[in-house]
Amino acid sequence: MTPPEVWLRGPLPGYPALLQPMAHSLTQVLEEVAAVLPSCSPSELWTGPEGRGPAGFHLRHAVGSLERLYTYARGE
């Protein structure tokens, strides 16, 4: 049985109410990627559909973008 979406499970501990939507969104993405990624072969990750960017590129880009946002949030 699939658990309900993260936001339906209630507040995430350690995050103020104003940041709950972002915390829920990032946690949802983490769970979905963790569920799908193990079933993908390297060629599936790095072959883009119809000449578009492959999923592997987008995953790597998301990691870098989030790291930059966290750096800014820490004031660094």
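What follows draws every value from the coordinates through simple rules; no lab data is involved. None of the values given here were measured: they were computed from a predicted structure. Here the Cβ positions follow ideal geometry from the backbone for every residue, glycine too, while neighbour counts run over all protein chains shown.
When you filter the GluC sites (Glu not before Pro) in the stretch 1-32 for DSSP loop state and at most 16 other Cβ atoms inside 10 Å of their Cβ, you are left with Glu5.
Given only helices, namely DSSP H runs of n ≥ 4 each adding -39500 (n - 2.57), what is the per-residue ellipticity at 222 nm of the chain, to the nearest 500 deg cm²/dmol? Present the calculation step by step, with values, prior to reporting the outcome.
On the way: 3 runs with 41 residues, N = 76.
Result for the chain: -17500 deg cm²/dmol, rounded to the nearest 500.
Labels on offer are [x] 14.6; [y] 13.3; [z] 13.6, and the one holding Kirkwood radius over Cα pairs in Å computed from this structure is [x]. For the chain, trypsin sites (Lys or Arg not before Pro) are listed when DSSP marks them as loop and at most 14 other Cβ atoms sit within 10 Å of their Cβ; the list is Arg52, Arg74.
Label separation (Ser39 vs Thr71): 3.5 nm, computed from points 7 Å beyond Cα along the C-beta direction.
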